[in-house]
1. In region 156-175, what residues are loosely packed, with under 15 Cβ neighbours inside 10 Å, touching a strand residue (DSSP E or B) at 6+ places or on another chain (Cβ under 9 Å) and at negative phi?
2. Just for region 281-311: of the residues that are among the hydrophobic types (A, V, I, L, M, F, W, C), under 22 Å from L109 (Cα atoms) and touching a Pro at 6+ places or on another chain (Cβ under 6 Å), which one is surrounded by the most Cβ atoms within 10 Å (Cβ to Cβ)?
3. Do you know which of the residues in region 156-201 that are small (G, A, S) and either within 18 Å of D82 (Cβ to Cβ) or under 15 Å from the mean Cα position of the chain (by Cα) (or both) is modelled with the lowest pLDDT?
4. For T76, state whether it is more than 24 Å from V264 (Cβ to Cβ), of a type in the set (V, I, T) and touching a Ser or Thr at 6+ places or on another chain (Cβ under 7 Å).
5. Tell me, yes or no, whether region 120-142 has at least one residue that is in contact with a helix residue (DSSP H, G or I) (Cβ under 8 Å, 6 or more places away or on another chain) and of a type in the set (D, E, K, R).
6. Among the residues of region 314-356, which ones are within 16 Å of V192 (Cα to Cα) and either part of a loop (DSSP other than H, G, I, E, B) or at pLDDT below 95 (or both)?
7. Quick check: anything in region 124-134 modelled with pLDDT under 95, surrounded by 15 or more Cβ atoms within 10 Å (Cβ to Cβ) and assigned to a loop (DSSP other than H, G, I, E, B)?
8. For region 165-260, give me every one of the helices (runs of 4 or more DSSP H) that falls completely inside it and has 2 or more residues that are touching a residue at least 12 places away in the same chain (Cβ under 8 Å) and of a type in the set (A, V, I, L, M, F, W, C).
Amino acid sequence: MVEKLPAEQPDGSYYGILLNFMQVLEVRPGFAKYGADAFFDKQGKLLKIQRGDNTYTKSDKEWEYVKLCFRGSLQTKVTAVDHLLGIHITVANYLTTSSREQLPVNHPLRRLIKPFTFRTVSINFGAGRALFWPNGMLQRAYALSTAGMKQTWEFGLKHFVYNTFPNRIAKQNIDTIELPFHKDGMDYWTIVFNFVNAYVDLYYTDDANLTSDKDAVNFWTYVSTVSPSPLPDLTKKSLKDFIAECIFLVSSMHNHLGTIAEYVSDPAFCPSAWVEGEYCAPPGNAVRLALIMTATGFTQPAITEDFSHILLDNAAKALARKFSADCFELIKVIDVRNTARAHPFQSFNPKTMEMAVSI
């Protein structure tokens, strides 16, 4: 979400997290509008926040309040758009339906995808009933009106862009500091991609071999049709990138985006809704958000668990066991890195990661 600005600004602003667009989202009467842009220097230090047409720095008396507005807007966007709509309803949903509806039970691609879509149907059904319905728990915890909820979903679908993790972090253009998000994320991405790369090579020798598989073509046609962002033509490379990215998203990025309970537990730090000028969420909104956090803490199989029994042959099973072993090795690496970090970063640590989306 953070990205390098087109040019360094006179005050030293070099990076930005730009959420002022959320000002257009309709909220219920009495609530403050979402939306604010935060600007950082080359070392990642916060310099200013723009909220609407006004810009604030630490010398302004409103500084603590606008920081609250930014944090609340950030967690709202992350929860509603990136996590629920992006990971659950787009990636996990379509990965599940495409594999189950287009691939036979014993197709190697279906077997590859199966562990990473475990229980997704049940989980998304529950999320749909509890969170997505008008006047459901999500809307009641946040400030959005029914029209604002519709705006949020429309915005998310319109602005989703399909990209692999390496391409996404390259687009951020972070060139003065090293982020654990990038370092740990690339290590986990490499493990996932190497697994998918070797697995696809087991069953398809070249592009012609792949495109002659009617079921694989049907799978790709389906996901290309339902994806809110265009996908490339079917090749071995595009298939590997797509499946690796989907596995990466439903495991590690779901972990990154969904593990926010410690931030939202204080309604004065990261509120889901607030009244203009007040420094804390109203009790009702805070309690409803806490209930959502409590109701979405059920566990799934860990990413480190052995899923080789799902796969079709010994060669594929060996790749699954190597994937698990690589994840265990990454735990050691990240644990060591975290001893030297001011704040331990666990989003891509396999010891905290589940194999598929959870609720």
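1. K171, D175 - these are the residues of region 156-175 that are loosely packed, with under 15 Cβ neighbours inside 10 Å, touching a strand residue (DSSP E or B) at 6+ places or on another chain (Cβ under 9 Å) and at negative phi.
2. Restricting to residues being among the hydrophobic types (A, V, I, L, M, F, W, C), under 22 Å from L109 (Cα atoms) and touching a Pro at 6+ places or on another chain (Cβ under 6 Å), the top hit is I303.
3. Our first condition is that a residue be small (G, A, S); within region 156-201, this holds for 156, 170, 185, 198.
Now narrow it down to the ones that are either within 18 Å of D82 (Cβ to Cβ) or under 15 Å from the mean Cα position of the chain (by Cα) (or both): 156, 185.
Details: G156: 96, G185: 99.
Among residues in region 156-201 that are small (G, A, S) and either within 18 Å of D82 (Cβ to Cβ) or under 15 Å from the mean Cα position of the chain (by Cα) (or both), the one modelled with the lowest pLDDT is G156.
4. Against the criterion (more than 24 Å from V264 (Cβ to Cβ), of a type in the set (V, I, T) and touching a Ser or Thr at 6+ places or on another chain (Cβ under 7 Å)), T76 does not qualify.
5. Yes, region 120-142 contains at least one residue that is in contact with a helix residue (DSSP H, G or I) (Cβ under 8 Å, 6 or more places away or on another chain) and of a type in the set (D, E, K, R).
6. S347, F348, N349, M353, M355, A356, listed by residue number.
7. Checked against the condition, which is being modelled with pLDDT under 95, surrounded by 15 or more Cβ atoms within 10 Å (Cβ to Cβ) and assigned to a loop (DSSP other than H, G, I, E, B), region 124-134 yields no hits at all.
8. 165-172, 180-203, 214-226, 236-248
The values are calculated or read from the model by the stated rules, or taken from the named source; none is laboratory data. Keep in mind it's a predicted model, so treat the numbers as computed, not measured. Glycine also receives a Cβ, built like all others from the backbone with ideal geometry; neighbour counts cover every protein chain displayed.
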